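**Q** Mind having a look at this structure? Questions to follow.
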Amino acid sequence: MGELDHLLASNREWAGRVEREHPGFFRNLSSQQRPKYLWIGCSDSRVPANEIIGLLPGEVFVHRNVANLVVHSDLNCLSVMDFALNELGVEHVIVCGHYGCGGVSAALAPSEGRVMDHWIRHVRDIAKFYRDEIEREPSVQAQARRLCELNVAVQVVHVRESPVVQAAAARGVKVHGWIYDLADGLLRDLTPTVDGVRALEPSCRLPG
Ligand SMILES: [Zn+2]
């Protein structure tokens with residue numbers, strides 16, 4: 001009896017249920033995947049991509065890391081975008097943050113000198129850049145929520161600045177910024193916040 005037998009049993013039950021509801025589901029999916037969406041989200045266990053947008057396996061390609069960051073030199077994330085856009089033909093890239101993000105909140109507190117702090121430093125830089133706007137919020141909680149939104153908006157710009165996405169945008173690929181509220185399970189479109197963030201860095205724009 002293994003410690004995780006309950007998870008394996010749960011998996012068998014799930015696979016059986018999906019196959020009953022969609023006969024041939026796994027056989028069809030095993031030969032190809034054609035997701036329309038690339039999801040770049042936080043690793044937080046409360047924000048599972050497929051579940052909150054109601055999609056089955058095969059319908060969304062997913063990359064998650066702490067605080068849903070798109071770092072210009074992160075080969076992991078860049079490779080995911082390259083594969084999703086150029087191999088799978090994804091049509092929409094969704095950057096999704098969430099209120100109550102521990103990674104974002106950590107950026108508003110003093111550094112503890114942990115490995116994580118190197119990663120969170122990217123969020124800390126955003127907090128510094130938008131300090132005036134964040135400090136206009138009336139409470140610590142509201143400031144953290146605003147930084148969650150601004151972080152998504154900046155990551156959307158980073159996605160748009162990447163050469164792989166600039167090339168894909170020319171054939172109609174769209175990039176979206178969303179935020180998820182743990183308190184009500186709902187997603188919100190952050191287009192106004194995204195539009196308020198600085199335009200594409202001219203020196204990063206591809207010719208043509
Ligand atoms: Zn998070």
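Bear in mind these aren't lab numbers, they're just calculated from the coordinates by the rules spelled out. These numbers were taken from a predicted model, which means no experiment stands behind them. We place every Cβ from the backbone using ideal geometry, glycine too, and count neighbours over all the protein chains shown.
**Q** Within segment 93-128, which trypsin sites (Lys or Arg not before Pro) sit in a loop by DSSP and count at most 10 neighbouring Cβ atoms inside 10 Å?
**A** Counting only loop positions with at most 10 other Cβ atoms within 10 Å, the trypsin sites (Lys or Arg not before Pro) in segment 93-128 are Arg114.
**Q** Related question: Which of the helices in the chain meet the span-like rule: DSSP H, Cα axial reach of 30 Å or more, Kyte-Doolittle mean at least -1.0?
**A** 140-161
**Q** Ranked from highest to lowest mean number of other Cβ atoms within 10 Å per residue, what is the order of the peptides 78-89, 98-109?
**A** 98-109, 78-89
**Q** Okay, moving on. At Asn11 and Glu137, where each label point lies 7 Å from the Cα along Cα→Cβ, what is the point-to-point distance in nanometres?
**A** My value for the distance between the label points is 3.9 nm.
**Q** How much FRET efficiency would the formula 1/(1 + (r/R0)^6) give for Leu55 and Asn76, where r is the Cβ-Cβ distance and R0 is 22 Å, rounded to 0.05?
**A** 0.45
**Q** Sticking with the crude label model, points 7 Å out along Cα→Cβ, report the distance from Arg27 to Asn86 in nm, one decimal please.
**A** Those two pseudo-labels are separated by 3.6 nm.
**Q** Can you compute the helix-only [θ] at 222 nm over the chain? Use -39500 (n - 2.57) per DSSP H run of at least 4 residues, normalise by all residues, nearest 500 deg cm²/dmol.
**A** Using -39500 (n - 2.57) per qualifying helix, the result is -14000 deg cm²/dmol.
**Q** At a threshold of 8 angstrom on Cα-Cα distance, excluding pairs fewer than six apart, so keeping six or more, what relative contact order does the chain reach in percent?
**A** 20 percent
**Q** Additional query: Any chance you could tell me what percent of the C-alpha pair distances in the chain go past 27 Å?
**A** That fraction is 38 percent.
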